[in-house]
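**Q** Got a structure for you, questions after.
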Amino acid sequence: MKFRTIALPAAVVLVLGTSTAAATPTWSPRPQEVKPFLPAGNSNPAIADGVALGKQVATYTASGLGPAAANPAAPADAPERYVDLPGGTLPPGVTVTEAQALNVLKRIKANLAAAGLELADVVSMRAYLEKPPGAEAADFAGWNRAYRQFFANTDLATGQAVPVPLGTASPAPPMEANPARPARVTIEIANLPVAGWLVEVEVVAAYKH
């Protein structure tokens with residue numbers, strides 16, 4: 001009886017070898033580690049590319065929060081009703097979305113404090129924006145200015161707070177210095193659940209200790 005030896009193409013072996021290697025994880029967080037992945041070469045990025053949580057890290061998920069009705073002089077369903085500034089007056093260049101976002105972020109700070117957490121513990125954020133009456137699109141720029149007042153406003157190289165603008169004013173110290181760079185998404189939607197709201201935000205925070 002004769003046996004025939006069949007040579008397999010070398011390419012088949014190489015493909016299998018590559019697939020197996022790619023499926024092998026090279027890193028995972030330590031059980032109690034919270035590790036943000038930040039853009040390279042940027043000492044003050046606004047958000048993280050992602051945040052890894054170790055399997056022993058407990059988290060807290062806040063429900064979506066909108067702004068409090070802080071300006072009773074405005075109509076009940078008007079965006080200005082939710083401006084939390086003295087007299088309901090917007091400083092130069094501050095948009096209604098920006099003012100509402102400041103209101104929301106203050107409420108998030110209080111929500112976290114009730115759960116034993118701080119803004120610095122936030123690891124993930126989803127922001128929902130509705131366009132102001134008469135506008136063609138949501139005010140992403142106003143939201144981002146407000147966000148920088150409470151998040152991602154310290155230089156990662158020096159640890160020092162970075163001046164940020166409020167409206168069209170010159171940059172000044174942030175309302176709350178905070179090194180946290182959460183993973184974040186911002187979405188424009190057609191309608192928020194309360195008439196007059198332009199901003200709603202939900203966060204996830206990690207208990208790091």
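**Q** Towards the positive end of the charge dipole of the chain, with charges on Cβ (+1 Lys, Arg; -1 Asp, Glu), say which of PRO179, ASN191, TRP27 has the farthest Cα.
**A** TRP27
**Q** Amide H of ILE47 versus every other amide H placed in the peptide plane: which residues, excluding those fewer than 5 positions away on the same chain, fall under 5 Å?
**A** Amide H to amide H, under 5 Å and 5 or more residues apart or across chains, ILE47 pairs with nothing.
**Q** Based on DSSP, what percent of beta bridges with both residues in the chain are antiparallel, to the nearest 5?
**A** Working: 18 of 24 bridges.
Bridges in the chain that DSSP calls antiparallel: roughly 75 percent.
**Q** What angle do you read, to the nearest 10 degrees and between 0 and 90, between the alpha-carbon axis of helix 96-114 and the longest principal axis of the chain?
**A** Once rounded, the angle reads 70 degrees.
**Q** A further question follows. Order 84-93, 170-179 from most to least packed using the mean count of other Cβ atoms within 10 Å. Each step should come with its number before you reach the end.
**A** Values: 84-93: 12.3, 170-179: 14.6.
Final packing ranking: 170-179, 84-93.
**Q** Sticking with this one: Okay, helix-only estimate at 222 nm for the chain: each DSSP H run of n ≥ 4 adds -39500 (n - 2.57), divide by all residues, round to 500 deg cm²/dmol; what do you get? Working shown, then result.
**A** Working: 3 runs with 43 residues, N = 209.
That calculation yields -6500 deg cm²/dmol at 222 nm.
**Q** Quick check: net charge around ASP49, other residues with Cβ under 15 Å of its Cβ, Lys/Arg +1 and Asp/Glu -1?
**A** Working: positive: LYS35, ARG181, ARG184; negative: none.
Spelling it out: positives minus negatives among the neighbours equals +3.
**Q** Neighbour counts of other C-beta atoms within 10 Å: give me ARG30, ARG81, ARG126 arranged from fewest to most.
**A** Values: ARG30 12, ARG81 22, ARG126 16.
Exposure proxy ranking, most exposed first: ARG30, ARG126, ARG81.
**Q** What list of ³J(HN,Hα) values in whole Hz, one per residue of region 38-44 in order, does the Karplus curve 6.51 cos²θ - 1.76 cosθ + 1.60 (θ = phi - 60°) give from phi, with Gly and Pro shown as x?
**A** Calculated HN-Hα couplings, in order: 10, x, 5, x, 10, 7, 9 Hz.
**Q** Next up: Give me, ordered by chain and number, the residues 5 or more places off ALA52 or on other chains with an amide H under 5 Å from its own placed amide H.
**A** Answer set, sorted by chain and number: LYS35, PHE37.
**Q** While we're here: If the chain between LYS35 and ALA161 were fully stretched, how many nm would it gain, using 0.36 nm times the residue separation less the Cα-Cα distance?
**A** Working: separation 126, 0.36 × 126 = 45.36 nm, distance 2.08 nm.
Computed gain between LYS35 and ALA161 is 43.3 nm.
**Q** List PHE150, PHE140 from most exposed to least, where exposure is judged by having the fewest other Cβ atoms within 10 Å. Walk me through the intermediate numbers first.
**A** Numbers: PHE150 23, PHE140 13.
Sorted ascending by nearby Cβ count, the order is PHE140, PHE150.
**Q** Could you work out how far apart the two model spin labels at GLU202 and ILE187 are, taking each label as a point 7 Å from the Cα in the direction of the beta carbon, and quote it in nm?
**A** Between GLU202 and ILE187, the simple spin-label model gives 0.8 nm.
None of the figures in this text is laboratory data; all of them are computed from the coordinates on show. All values reported here derive from a predicted model rather than from experimental measurement. Backbone-built Cβ (ideal geometry, glycine too); neighbour counts: all protein chains shown.
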